[in-house]
Structure formats: C-alpha cells, structure tokens
Amino acid sequence: MSRLTAFIVPLQRALAIAAIIAQGGIAVTGSIVRVTGSGLGCPTWPECVPGSIVPVEHPDVAALHQWVEFGNRTLFGVIGIITGLCLVAAVLNKPRRRRVITLAAIQVGGVLAQAVIGGATVRLGLVWWSVSVHFMVSMVLVWFAVLLLRSLSEGDGPARWLVPAGARGLQIVMAVVMYALLIAGTFVTAAGPHAGDSKTPRLDVPVPTLAQIHADLLFLFLGMLIAMGFFVRTKAYWVLVGVVVAQGALGMVQYFTGVPEVLVSLHVLGAGAAVVATAMLWTSSRERTHEVELPASEDQALSKA
C-alpha cells in the first residue's frame, strides 16, 4: 500500500461519515428555519439580502430570522466542501474504484441540485411542495452517503446477498414504503402550523387526514419490519427497530401536544436516522468481494487454453 493510499483510505471514511451527518443535519437546520418562521429571513438567493451575502440590518426582516436562515445556508456550503473532498479523494486514490467515484459524484451532483432547488424554493416564497422536494432530496442523499461509506470497506465485485430471496424483496418494498412515509410526513408539515413564514401558502388538506395516512404507512412499515425479523436479526436490524419505534412514539407525542417546535426538529432528526438505519440494514444484507486480476502471464495462458 502506497503512502498516499494509506492516508486517503481513512480520510475517505471520515469524509463519508461527515457526509452522512451533514446531509441529515441540513434537514434538521432546515426544520429550525421553518419552526422559527425564518424561511424568508434571507429573501434573495444567493445573496441574503439585495447587495449582501451576509445578514445586514434590514427594515423588513428581523436580524434573528436572517441569521437562522444564513446559518442554514452556511451549513449547505460546508456540505459542498465535504462532498467535494469525497470526490477528490476517490479520484486520487489508487487504484481508482469506479463505484466509489460514482457514489462520491452523486453526492456532489446532489449538492448542486439542492442549490438549484433551494434557490427556487426562496423565489417561490416557500410554497409547500418545493420545501417537500428540498427535504426528500436530502433524504435520498443520506441513503447514498451510507452506500458510499459501505463501499469503502467492500470490494467492487457483484453483490452477493446474505439473506433469502424473500428478505431481499421485502427490503426493496420497505425502502419504497419508507420514502412514501417521509413524503406523507412532509405533507403533514405542509398543512400544519409551521410554514416557515406567515405569508406562505399552506397545503389545503385537513391535518388529521394527512396524519392518519402518515400513521398508516408507519404501521405498514412496522409490519414489514416484524416480518423481516423472521429472516434477519442482526445488529443493523435491531437498530432500525429501535429508531422506528422511537420515531413513531415521538410522532404521536407531537400530534397530541399540538406539534411544539422542538419536537418538529427532533422528528426530522429521527427521519434522517431512520433512513440511515434502513440503508445500513440494506448494505449489511449483502457483500461485495474484491475482483481478482490475474497476472498477465497467467491471463495469456488461460486465453490460449
């Protein structure tokens, strides 16, 4: 192993972990922006206010709202640096691994996409569906960040499943239901009291109706998770069980206490944790071995045989 590789490999792992935390963390800071009514604290993009990237005294925007929104944007810049370093490290490492480079590039591409979506969200006045898209892209990037971390400790050969076919199919359905559950959660928030700004149009659907759909999807996911227990009882499985049960309990407390602000951000944090745990169960259910390259002489001998 070269000195460069010996340095880059642990660096890649640290950067991948940082990417997971940052991609989930931006969703949490986004929720803080929403519950504090700071969604338009910086009413322009990419500037905070016309003529200034950073918050300045403004007659129409409170300083607190400016700094909350600016803090969220600053974290976005940090994510850009982290994901960019992930890609640079993947390219510099020898031998280059196409799968690692691809997963790192997805992180960079996702950040660029989020910049466009974020700018559009501000220009659209925080219309509810744009905020939902912004959140869902973050959750997709969290999933791929977990795959990036896993790719660093496995080979590049074809995936070999360690669970029965039934469990593989169940995990695919679970991933789909997980994201449907997250989408339903964004709809509940879109119709609820925390709009991000008092002038933002809300989703005109009764909150109890959306909350019931959200709860039904949660029970469906729990049912599949119980079924998965007949196939898999690994550490990753029990972590997912704990996260989902805690998240469900937190959601019920939110509903019956009038959706207090602090619980909204904790629920978003739990959503990110649920995505991480689901992705970890997925990656722990298969393995990829290192592809073996034959020496040139042996390869030529086989070709003549």
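The values are calculated or read from the model by the stated rules, or taken from the named source; none is laboratory data. As the structure is a computational prediction, the values presented were derived from the model and not from experiment. We place every Cβ from the backbone using ideal geometry, glycine too, and count neighbours over all the protein chains shown. For the accessible areas, the whole protein counts, side chains as well, though only heavy atoms, and no ligand, DNA or RNA atoms are used. Shrake-Rupley method; radii C 1.70, N 1.55, O 1.52, S 1.80 Å.
What percentage of the solvent-accessible surface of the chain, computed with a 1.4 Å probe over protein heavy atoms, is contributed by carbon and sulfur atoms? Kindly include the intermediate steps, with their values, before the conclusion.
Details: 11000 of 15550 Å².
Carbon with sulfur: 71 percent of the solvent-accessible area.
When the charge dipole of the chain is built from unit charges on Cβ atoms (+1 for Lys and Arg, -1 for Asp and Glu) and taken about the Cα centre, the candidate among His290, Pro59, Leu126 whose Cα reaches farthest toward its positive end is His290.
Loop-located trypsin sites (Lys or Arg not before Pro) in segment 78-166 (DSSP state not H, G, I, E or B) with no more than 13 neighbouring Cβ atoms inside 10 Å: Arg96. Put the Cα centre of segment 1-75 next to the Cα centre of segment 149-193 and the gap is 26 Å.
What the Cβ-Cβ distance of Val116 and Arg233 gives, at R0 = 51 Å and to the nearest 0.05, is a FRET efficiency of 0.75. Note on segment 1-70: Cα-only Rg and Dmax are 18.2, 60 Å.
With a cut-off of at most 15 other beta carbons within 10 Å, and DSSP calling the residue loop, which GluC sites (Glu not before Pro) in segment 31-81 qualify? Please list them. The partial results should precede the final answer.
Details: sites: Glu47, Glu57, Glu69; in loops: Glu47, Glu57.
Filter output for segment 31-81: Glu47, Glu57.
Note that segment 208-219 has calculated 3J(HN,Hα) couplings of x, 5, 5, 5, 5, 4, 4, 5, 4, 5, 5, 5 Hz, one per residue in order, obtained from phi through the Karplus relation 6.51 cos²θ - 1.76 cosθ + 1.60 (θ = phi - 60°); glycine and proline are x. A simple packing score, the average count of other Cβ atoms within 10 Å per residue, orders the peptides 24-30, 206-212 as 24-30, 206-212, with the highest score first. Scattering from the C-alpha atoms of segment 89-193 alone, worked out with Debye: what is log10 I(q)/I(0) at q = 0.11, 0.13, 0.14 1/Å? Treating every Cα as an identical point scatterer, log10 I(q)/I(0) equals -0.50, -0.67, -0.75. When you count the other C-beta atoms within 10 angstrom of each residue and take the mean per peptide, 218-226, 32-40 line up highest first as 32-40, 218-226.
Once every DSSP H run of n ≥ 4 in the chain is given -39500 (n - 2.57) and the sum is divided by its residues, what mean residue ellipticity at 222 nm do you get, rounded to the nearest 500 deg cm²/dmol? Kindly include the intermediate steps, with their values, before the conclusion.
On the way: 9 runs with 217 residues, N = 305.
Roughly -25000 deg cm²/dmol at 222 nm, from the helical runs in the chain.
Name the shape class, rounded, prolate or oblate, that the alpha-carbon gyration tensor gives for segment 24-151, where a ≥ b ≥ c are the square roots of its eigenvalues, rounded holds for a/c under 1.5, and otherwise prolate holds if a/b is larger than b/c and oblate otherwise. Don't skip to the end; give the middle numbers.
On the way: a/c = 2.79, a/b = 2.11, b/c = 1.32.
Prolate shape, in that a/c is at least 1.5 and a/b is the bigger ratio.
Given a Förster distance of 35 Å, report the FRET efficiency between Ala249 and Leu75 from their Cβ-Cβ distance, rounded to the nearest 0.05. Before the final figure, lay out the partial values.
Values: r = 28 Å, r/R0 = 0.80.
After rounding, the FRET efficiency stands at 0.80.
Protection proxy ranking of 137-144, 101-108, 7-14, by the mean of other Cβ atoms within 10 Å over each peptide's residues and highest first, is 137-144, 101-108, 7-14.
Think of a 1.4 Å ball rolled over the protein heavy atoms: the chain then has 51 Å² of accessible area per residue.
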